1. Return the Cα extents of segment 171-316 along principal axes one, two and three, sorted largest first, each rounded to a whole Å.
2. Residues of segment 124-157 with the amide nitrogen closer than 12 Å to a label point 7 Å from the Cα of SER102, along Cα-to-Cβ, please.
3. Calculate, in nm to one decimal, what SER316 and LYS239 gain on full extension: separation in residues at 0.36 nm each, minus their alpha carbon distance.
4. With the chain treated as a Gaussian network of Cα nodes joined by springs under 10 Å, which of ILE155, ILE196, ILE74 yields the largest mean-square fluctuation?
5. Report which label in (i) 212; (ii) 157; (iii) 128 holds the value of volume of the Cα convex hull per residue in Å³ derived from the coordinates of this structure.
6. Scan around GLY270 for amide H atoms under 5 Å from its own, H built in the peptide plane at 1.01 Å from N, and keep only partners 5 or more places away or cross-chain.
7. Taking a spot 7 Å from the Cα of GLU57 along the direction of its beta carbon, which residues of segment 27-41 have an amide N less than 19 Å from it?
8. With an 8 Å cut-off on Cα pairs and a minimum separation of 6 or more residues, tell me the relative contact order of the chain in percent.
Amino acid sequence: MNLFGTTTKGDDVHKITLTAGDLTVSLLTLGAIVQDVRLAGVDHSLTHGSDDLTDYEGTMGYHGAIVGPIANRISTSRVRIDGMDYELERNEAGKTHLHSGSGGTHRRIWDVAAQSDSSTTLVCDLPEGEAGLPGNRRIEATFTVTEDATLTLKISGTTDAKTVMNFANHGYWNLDGSDTWEGHRLQIAAHHYLPITDAVVPTGEVAPVEGTDMDFRAGQAPSPGAPALDHNFCLSSGKVEDRLVLTLTGESGLVLELFTDQPGLQVFDGRPAYRAFALEAQGWPDAPTQAAFPQVTVTPDEPYEQSTRWRFSRPS
């Protein structure tokens, strides 16, 4: 573990490097950020990160971070729990609530609870009221690199009061090291997606992908803006065993396979620069507002758990 830099608030940020086989992954204690992913024989990082801490304090605040306790958007900036309304920060155009605002886990320094050459566990405590939500909460994130060129992330969250949790790793991926992701091919195992409003929140409709430009089941190579992507793909109606949900293939032939037990996957095209795809395994966005969506409530007896894996391979 090495010092990566010091924030403008004076907090030290450390860099942790994990290695197994041909895969090397670097993490930051700020936001539990996946900062760099290297596959042996490839001369560039597979994730869009930075070596400059000021980038993560600025425009790259979500890049590679664990966002939560509520990932994505809440349309009303309000959550009702057991009849009580909790007002959330309206950090997007003064209307919607995005990625838990200034109290989100992406802005916090996580503690290192355990570490080895190939695995580390980072811990973040959220006190009652932090990010506008009830419960004293402890979030643990364990990153493990294995010999089969796989990075596994397991997130758990406990609370002493009923609350909501929906975490996501907000990694950006470009397998070619190119200026944009153009030429990449996406395959997504989803029969439905969530249409969105102009405010990029779900309309409430769960729409079939068949016959639309959101049908990635057989794979397609999108172009920037065609289709415009910032949508949740509906993988299931609730948490299941982890399974392959997305395959991203670069023009170089490098492949990322994403496995998760989560019911949703947000795919964002990174506009306007289109540098990399953000792929966020998560619960469905705006679930606390949309009663028909799979809910993201957790209690002291029913804690939060997530498993997500990224497996990398070269052309055969």
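No lab work stands behind these numbers, since they all come straight from the coordinates. Remember, predicted model here, so these are calculated numbers, not experimental data. Neighbour counts are summed over all protein chains in view; Cβ atoms, including those assigned to glycine, are modelled from backbone coordinates with ideal geometry.
1. 46, 32, 26
2. The answer is 131, whose backbone nitrogens lie closer than 12 Å to the label point.
3. 24.4 nm
4. Sorting by GNM fluctuation, first place goes to ILE196.
5. Label (iii) holds the value from this structure.
6. Close amide H contacts, sequence-distant or interchain: ALA278.
7. 28-35
8. This gives 17 percent for the chain.
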